[in-house]
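So the structure is just underneath, and the comments pick up after that.
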Amino acid sequence: MRRTLSPGFSRIFLALCLIGVSGTSCGGTRKLLRQADDYAADQRWTAAVRTYERVLDKKPGQPEALVGIARAWLNTDEPERAIVPAQVAAEAKVAGGTEVLIDALLTNGKGASALTLASERAGADPTSPIARTRLVETQLAKGELAAAAADAEKVVELNGGAPGMALAAWTQARNNNCGRASQVAARAAANALTDVQVQAEAAAVFRLCGDAAAATAAANAARALLMDGPKMWALQADRRAKGGDYEGAVRRYSWMRAVYPDEGPYAAQLGIAYLKAGDGARAAGELESALKMAPYASTGALSSGVHVAYRTADQLGENERQAMVEKLYEALSQAESLRGDRASYARTLEKGLRQKGSRDPAEWLRVVGAWAAAPDPSPGMEAARIAADLAPNAIEPRILMARIHASRGEVDRAVGQAHLAFRSRPKDVELALFLGNLLVVRGERAEAARVYKECLNLNPNDARLQSALSRLQP
C-alpha cells in the first residue's frame, strides 16, 4: 500500500532522524536513495516516487528523499502531492527544500503565496538567474506585472539565457512596453532555435504586440518542434487557472494561441483566463475571435471561410457546441462590462440570448437593464419589446421604450409607454417626472399636474415633485 507524507507528519520524529538519533534505520537507506536518484535522472518519475517512498518508510524525514520525492511528484500527473513533502523539507531547512516548495506552489497555481519565499531566496543568492526567475513567476502569479518586468530584466542581466529573455519579453508585453518586448523576444528566438517554449513565448509576444510576420515565423518554428502537441502546456495552464494563478494561465494559453492561431478552444481558454486576470479588453478580443472559429461558429460562418477538421474541437455535438457558445457569450458580456463598454455589454448579452433562443423573462429583463445603462439605449428597442411580451407586468421594458421613443421625438408613443409604467409604479418619482415632462411637451399641463400630485401624495416631502408642480400653477 502506497504511503506518502501528510500534514500531520511528526516533527519530533523528523528532528530525531535529521540529527541521526534513529541510528541504524537511517543508515541503511543509501542504496535505495541512490537508486531513486538514478530513476529521477532518467526521468522515470513513477519509479522514483516509489523508491523515495521506500526510503522515507525506513527513515522518515530523510532530507534528500524529501526533496527528491517532491521534485518527482512535480513531474507526474499528481503534482499537488509535491506540496506536503516540500513544505516539510522547507520547514526543516533541508538544502533545496525552499526551492522545491516554491516550484510546487507555482505548479499548482498557488505561486502568489510563495512570493515572500522567492524574494528571500533571490536576495540570498543575488547572482542566480534561476532564483530571480522564480521570483518573477511568483510576482506574475500575484498580478504584480510592473515588479515582474523589472525583475525579469535582472534575469537577462544575470545571463538567464534565451528562456530568461523570453520571460522578460513576456513581462514587458504584459506591461504594454512592446518596443522592448519585441526586441528581447527577437533575441530570444534567434538564440534558441530548437527550444520550443522559447519559440512559443516569442510568438505570443509578437502576437500581443501586433507583429504578425514575426509571430508567424516563431509559431512555425514552435510547431515544427512540438511533435506531441501542446498537452503539457494545457495541463500547466489548467492547474494554474484552477489554483487562482490567472496570469500564469494567461501566459501558457498565449503560447498555444500563438502557435495554433486557427484553434477556437485556445482562443476561448485564453479569453476566459484574461477575464479572470482582470483584463477585460484582451478577454473580449479573444472571446470574439473564438466565436468566429471552429468549433463554435457554424461551418458556413467560419471567419477563415475554411472548415478545418481537427481534433476534439470538431467532435462536439450540436448541443455541446451550443452550450459552449452560450458560455462564451456570457464570458464576453462580462469582459465588456469589465472594460466599461456598456453598449457592447448590452449588445453581447442580447446576441447571446438570440443565439440560444431564450424565452426567459429574467434574462431579457437583464438585457433591458443593460441597454438602459448604455449611453445610447436606442438599439435596445427590440429587446425591450421582447421583454415586455415575456414579462407584461414589468415596467422596465416600458420605461426603456418610452425613453427611446422620446429620444426619437415620438412623444405620443413615449407617453403611451410611460403611462403604462406609471400605472404599475405610481410612487416612482423619476418616472412621474419623466411622464409629466412628456405631457407638458405635448401641451397637457393639467394631466401633468395630476401625475405630479398623485406621486406627491405618496412622496409628500419630495422637493422635485413640489417644484415641478409649482411651475405648472397659473
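The values are calculated or read from the model by the stated rules, or taken from the named source; none is laboratory data. On a predicted model such as this, the values are computed, not experimentally measured, just so you know. Cβ coordinates were reconstructed from backbone atoms using ideal geometry, including for glycine residues, and neighbour counts include every protein chain displayed.
Given the criteria loosely packed, with under 15 Cβ neighbours inside 10 Å, among the aliphatic types (A, V, I, L, M), closer than 28 Å to A277 by Cα and touching a helix residue (DSSP H, G or I) at 6+ places or on another chain (Cβ under 9 Å), does A343 qualify? Please lay out each step first, then the result.
On the way: loosely packed, with under 15 Cβ neighbours inside 10 Å: no; among the aliphatic types (A, V, I, L, M): yes; closer than 28 Å to A277 by Cα: yes; touching a helix residue (DSSP H, G or I) at 6+ places or on another chain (Cβ under 9 Å): yes.
So A343 fails the test.
Among the residues in the stretch 237-249, are any farther than 23 Å from L115 by Cβ, out of contact with any His (no Cβ under 6 Å at 6 or more places or on another chain) and crowded, with 24+ Cβ neighbours inside 10 Å? Step through it out loud before you land on a result.
Pass one, the stretch 237-249, residues farther than 23 Å from L115 by Cβ: none.
No, the conditions are met nowhere in the stretch 237-249.
Can you name every residue in the stretch 403-420 that is surrounded by fewer than 16 Cβ atoms within 10 Å (Cβ to Cβ) and either among the polar types (S, T, N, Q) or under 37 Å from the mean Cα position of the chain (by Cα) (or both)?
Hit for the stretch 403-420 is S407, nothing else.
Which of the residues belonging to the stretch 323-378 are assigned to a loop (DSSP other than H, G, I, E, B) and of a type in the set (A, V, I, L, M, F, W, C)? Steps first, please.
At the first step, the residues of the stretch 323-378 found to be assigned to a loop (DSSP other than H, G, I, E, B) are 339-341, 357-360, 373-377.
Across the stretch 323-378, the qualifying residues are A373, A374.
From the residues in the stretch 203-213 that are within 21 Å of the chain's Cα centre (by Cα) and of a type in the set (A, V, I, L, M), which one is farthest from Y274 (Cα to Cα)?
Looking at the filtered set, the residue picked out is A203.
Name the residue, out of A90, A95, that is out of contact with any strand residue (DSSP E or B) (no Cβ under 9 Å at 6 or more places or on another chain) and assigned to a helix (DSSP H, G or I).
On the way: A95 fails: assigned to a helix (DSSP H, G or I).
Within the list A90, A95, the selection yields A90.
Please determine, by comparing only the residues of the stretch 268-307 that are loosely packed, with under 14 Cβ neighbours inside 10 Å and of a type in the set (V, I, T), which one is modelled with the lowest pLDDT.
The extreme case among them is V306.
Within the stretch 54-81, can you find the residues that are part of a helix (DSSP H, G or I), within 18 Å of G96 (Cβ to Cβ) and over 36 Å from the mean Cα position of the chain (by Cα)? Step through it out loud before you land on a result.
Let us first name the residues in the stretch 54-81 that are part of a helix (DSSP H, G or I), namely 54-58, 63-74, 79-81.
With within 18 Å of G96 (Cβ to Cβ) added as a condition, the list becomes 55-56, 63-74, 79, 81.
Within the stretch 54-81, V55, L56, P63, E64, A65 meet the criteria.
Going by the structure shown, is G160 touching a helix residue (DSSP H, G or I) at 6+ places or on another chain (Cβ under 6 Å) and in contact (Cβ under 8 Å) with a residue 24 or more places away in the chain? Before the answer, list the steps.
Values: touching a helix residue (DSSP H, G or I) at 6+ places or on another chain (Cβ under 6 Å): yes; in contact (Cβ under 8 Å) with a residue 24 or more places away in the chain: yes.
Yes.
So, L400, is that one in contact with a His (Cβ under 8 Å, 6 or more places away or on another chain) and surrounded by 22 or more Cβ atoms within 10 Å (Cβ to Cβ) or not?
Numbers: in contact with a His (Cβ under 8 Å, 6 or more places away or on another chain): no; surrounded by 22 or more Cβ atoms within 10 Å (Cβ to Cβ): yes.
So L400 fails the test.
For D77, indicate whether it is farther than 19 Å from L33 by Cα, modelled with pLDDT under 95 and out of contact with any Leu (no Cβ under 6 Å at 6 or more places or on another chain).
On the way: farther than 19 Å from L33 by Cα: yes; modelled with pLDDT under 95: yes; out of contact with any Leu (no Cβ under 6 Å at 6 or more places or on another chain): yes.
Answer is yes for this residue.
Those residues that are buried (at least 20 other Cβ atoms within 10 Å of the Cβ) and either outside any helix (DSSP H, G or I) or aromatic (F, W, Y) (or both), I need them from the stretch 190-208; list them, please.
Hits for the stretch 190-208 are A192, D195, F206.
Hey, could you check the stretch 133-162 for residues that are under 25 Å from the mean Cα position of the chain (by Cα) and basic (K, R) and say which is surrounded by the most Cβ atoms within 10 Å (Cβ to Cβ)?
Restricting to residues being under 25 Å from the mean Cα position of the chain (by Cα) and basic (K, R), the top hit is R134.
Enumerate the helices (runs of 4 or more DSSP H) found wholly within the stretch 394-473, keeping only those where 2 or more residues are of a type in the set (S, T, Y) and either farther than 18 Å from G380 by Cα or free of Cβ contacts under 8 Å to residues at least 24 places away in the same chain (or both).
Numbers: elements: 396-407, 411-424, 429-441, 445-458, 463-471.
Fully inside the stretch 394-473 and qualifying: 463-471.
Would you kindly identify the helices (runs of 4 or more DSSP H) lying entirely within the stretch 210-259 that contain at least 1 residues that are more than 28 Å from E144 (Cα to Cα)?
Values: elements: 212-225, 231-243, 246-259.
By residue number, 212-225.
From the list R385, R423, R471, pick out the single residue that is exposed (fewer than 14 other Cβ atoms within 10 Å of the Cβ) and closer than 30 Å to V367 by Cβ.
Working: R385 fails: exposed (fewer than 14 other Cβ atoms within 10 Å of the Cβ); R471 fails: closer than 30 Å to V367 by Cβ.
Only one candidate passes the filter, namely R423.
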